Amino acid sequence: MTYRLFLAGLAMTLSLAGCATKPGGDASLKTGYAAEEPQHRPLKAHDRVEMEPTKWAGAELETRETDAWSGPHHLAGRTLEVSSLRDLKLANKEVILTFDDGPAPGKTERILSTLDKFGVKATFMMVGEMAEAHPATARKVFDDGDTIGSHTFRHPDLDKMSFDMAMAEIAKGENAVSKVIGTDVSFFRFPYLADSKRLREAVSARDLVIMDVDIDSKDYFNTTPAAVVTRTMDQLQHRGHGIILMHDIHSRTATMLPTLLSRLESGGYKVVTLKFHRGSAPASNLVAQADLKMTR
Ligand SMILES: [Zn+2]
């Protein structure tokens, strides 16, 4: 019920934004956002009141966060131990939160603080160069008990590189992140999700679990924090569960996260903590194991 109300409110906001946009003017999403500012159109007595409208304004959202999202929370789900991609199976209403491209000082810490408030853990797919540039932030993520993966060293499109260059990028990223946090990293995500069958097989043979994406928050689009929440929840409603892609290098992501977690919680979702577990090779993994020996 609340979600429908939320959607209705959002539809109204969007239509207002459309009305407020000058004909022939810049109808970009950013203009739409500016048009949402309440002072341009004060609510009248007969207008529907949007759910928690103040929470949708970026700056205000931050300062009100503590009061609005205080616990107790029941968002934390089970811990899922995986040794290969095939173990990464989620039940209905289960999600894994992932943040790519960091660490980014300030933003990553804000995200950590929100995760802590809700009592959940996420997986941070760090870019090697970023981890080297911001080692203290990378270590904060690790010390906080979140899961860490790598995301290449310089974030190139691996599909556009030679196989050897691509593998070198992957290894360099993995080593850089691993060195900064002082332990192995066992998860990997392809930048731009640009993979190939050959690269996927080679990455798996390195004993890395590939992190695919089920739900793309598209938080890299220049939209409002609210739009990121809506887009994510819409996809999740259709799919029922999944790995959510976000980025800890964007302010809007840090800003919208309390709202997203609040929506997940009220929607009955559970945030699964992901851990790598070096398993004894089952029969089905024998081929990959054989490749591994040959590669190393
Ligand atoms: Zn990325």
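The values are calculated or read from the model by the stated rules, or taken from the named source; none is laboratory data. Please read these numbers as outputs of a predicted model, since none were measured by experiment. Here Cβ is always computed from backbone atoms with ideal geometry, including for glycine, and neighbour counts include all displayed protein chains.
Quick notes
- Taking region 71-84 as the range and being touching a strand residue (DSSP E or B) at 6+ places or on another chain (Cβ under 8 Å) and assigned to a loop (DSSP other than H, G, I, E, B) as the test, the residues that pass are L75, S83, S84.
- Test for T79: is it at pLDDT 95 or above and surrounded by 17 or more Cβ atoms within 10 Å (Cβ to Cβ): no
- Tabulated pairs, region 138-164, first among the polar types (S, T, N, Q), second part of a loop (DSSP other than H, G, I, E, B), C-beta under 6 angstrom, 6+ apart or interchain: S150/V185
- Only one of M246, M167, M211 that is assigned by TED's automatic domain parsing to the domain that holds A91, aliphatic (A, V, I, L, M) and surrounded by fewer than 23 Cβ atoms within 10 Å (Cβ to Cβ): M167
- The condition (being in contact with a Lys or Arg (Cβ under 9 Å, 6 or more places away or on another chain), part of a strand (DSSP E or B) and not charged (D, E, K, R)) is satisfied by just one residue among L264, L245: L245.
- V120 being over 19 Å from D212 (Cβ atoms) and of a type outside the set (S, T, Y): yes
- Some residue of region 105-123 being surrounded by 20 or more Cβ atoms within 10 Å (Cβ to Cβ), out of contact with any Ser or Thr (no Cβ under 8 Å at 6 or more places or on another chain), at pLDDT 95 or above and of a type in the set (S, T, Y): yes
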